[in-house]
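Scroll down for the structure; my scribbles are underneath it.
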Amino acid sequence: MNARKVIIDCDPGIDDALALMLALSSPELDVLGITITSGNVSADKGAKNALKILKWMDRTDIPVYLGERLPLVRDYVNAEDTHGEDGLGESGYDVPAERSYREGAVRYLADSLHHAASASEPLSIIALGPMTNLARLIKDYPDSLAGLGELVSMGGNYKSHGNCSPVAEYNYWCDPHAANLVYEAFETHPLLSDKQIHMIGLDVTRKIVLTPNILEYICQIDPSIGEIITKITRFYFDFHWKQEQVIGCVINDPLAVAYFIDRSLCHGFSAYTAVETEGLCMGQTVVDAFDFWKKKKNSIVLTETDAFRFMCFFISRICHTDPAALLPVLQQIFVPPADQRPLTPHPCPAPHGVPAPSAFCQPAAKEGLQP
Ligand code: BDR
Ligand code: CA
């Protein structure tokens, strides 16, 4: 098999960790390197986390490059409330002593892309964090874009609500100027004239929920990978319960990796997209779905996903198991996304004299609280 060359630009991050685990378990990908940006945690912490993940996956041959420590313009706001102070759910894993990361992620991206261009072997980027490194790359090394294959970015939202403001998703909200610069480049840069950003936003990633039952199943199939995932997601589970009354956790980033490998996992449409950089709607993706502006369609906005197939794909890869063998149990325990669940027509009867809390009886009916 001809594995596709990729660099994963990320901010690990619990779901980044799961995405890296998926990528490193997938023979379709040749992961050349991991570049780190500040996002969920500072770039320094994120780089250390990448080293931990590579150690778990026995892939310490892959280099880790530390990139931009601050967003282009706005003040940096981390997501340690979601991912824990260490970025991996306060799981307490040690940073491997035997390996270190290097500085210079943007330069590394540029050199790798130049090399890809001269070897006529396009290099793709899967971006799982704020796009600060990519914006710097475009500003400082625009010629390197000749080597770019595809860009898949986890970020943004079309019809779904935001996850850090009513309208904005975290990666684009954290560095809206960078996100906007990258989208603009896919509109105007001559080397990107035939390319579009694949936007894996909250419309699709909210449907990907790692539930306690699925986690338990992973533990049964592969206890060692199960133990790692259990340790890093406990904090994330608690956050999701407090924040959104979700039992389990939404795992955004692995869907971007899965989609890069298998296009049939998500569907959407081409459109011009811009990212709002200021004010009330900072970080919001403005998707011109009806072509008001007659601009180049710089993005493919993914809006539909088959969450069951994704989960089967994800588990089979990280647990090295035949997907067909997973079906009987997965069919038993998989909970369809909120918009595909039947609504309970009436709240269940409350015990005598106790008003029924409808959120618990009718979870899909409470607007704005579902995954
Ligand atoms: C994105 O923000 C981060 O918290 C996650 O790692 C993911 O990349 C979801 O909005
Ligand atoms: Ca991320």
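The values are calculated or read from the model by the stated rules, or taken from the named source; none is laboratory data. As the structure is a computational prediction, the values presented were derived from the model and not from experiment. With ideal geometry, Cβ positions are generated from the backbone for all residues, glycine too; neighbour counts draw on all protein chains shown. These accessible areas exclude ligands, DNA and RNA; they are computed on the full protein's heavy atoms, side chains included. Shrake-Rupley method; radii C 1.70, N 1.55, O 1.52, S 1.80 Å.
Could you report region 192-247's accessible area per residue, 1.4 Å probe, as an integer in Å²?
Values: 2340 Å² over 56 residues.
Result: 42 Å² of accessible area for each residue.
How large, in percent, is the carbon and sulfur part of the accessible surface of the chain at a probe radius of 1.4 Å?
Values: 8370 of 15580 Å².
Here it works out to 54 percent.
What fraction, in whole percent, of alpha-carbon pairs in region 98-161 exceed 16 Å separation?
Values: 1037 of 2016 pairs.
Roughly 51 percent, rounded to a whole number.
If packing is taken as the average number of other Cβ atoms within 10 Å across a peptide's residues, how do 246-252, 98-104, 305-311, 112-118 rank, most packed first? Numbers along the way, then the final one.
Details: 246-252: 21.7, 98-104: 13.3, 305-311: 19.7, 112-118: 17.7.
Peptide ranking by packing, descending: 246-252, 305-311, 112-118, 98-104.
Collect residues whose amide H, placed 1.01 Å from N in the peptide plane, falls under 5 Å from the amide H of G149; neighbours closer than 5 in sequence don't count.
Placed amide hydrogens put L123, S124, I125 under 5 Å from G149.
Just order 142-154, 167-179, 69-81, 39-51 by mean Cβ neighbour count inside 10 Å, highest at the front, would you? List each step's numbers first, then the result.
Details: 142-154: 20.2, 167-179: 27.3, 69-81: 15.6, 39-51: 25.3.
Top of the packing list down: 167-179, 39-51, 142-154, 69-81.
Among K159/K296; K45/K207; K139/K159; K159/K294, which pairs are too far apart, with a Cα-Cα distance over 23 Å? Walk me through the intermediate numbers first.
Numbers: K159/K296 21 Å; K45/K207 28 Å; K139/K159 30 Å; K159/K294 21 Å.
Violating the 23 Å Cα-Cα cut-off are K45/K207; K139/K159.
What do you get for the angle between helix 212-221 and the principal long axis of the chain? Use alpha-carbon atoms, 0 to 90 degrees, nearest ten.
Result, in degrees: 70.
Could you tell me the relative contact order of the chain? Use alpha-carbon pairs under 8 Å, at least six residues apart, and round to a whole percent.
Numbers: 779 pairs, mean separation 61.3, N = 371.
Contact order relative to length: 17 percent.
With a ≥ b ≥ c taken as the square roots of the eigenvalues of the C-alpha gyration tensor of region 221-267, please select rounded if a/c is under 1.5 and otherwise prolate if a/b is larger than b/c or oblate if it is not? Show your work: numbers first, answer last.
Numbers: a/c = 3.14, a/b = 1.34, b/c = 2.35.
Cα axes put region 221-267 in the oblate bin.
What accessible area per residue, rounded to a whole number of Å², is obtained for region 1-152 using a probe radius of 1.4 Å? Walk me through the intermediate numbers first.
Details: 5570 Å² over 152 residues.
That works out to 37 Å² for each residue.
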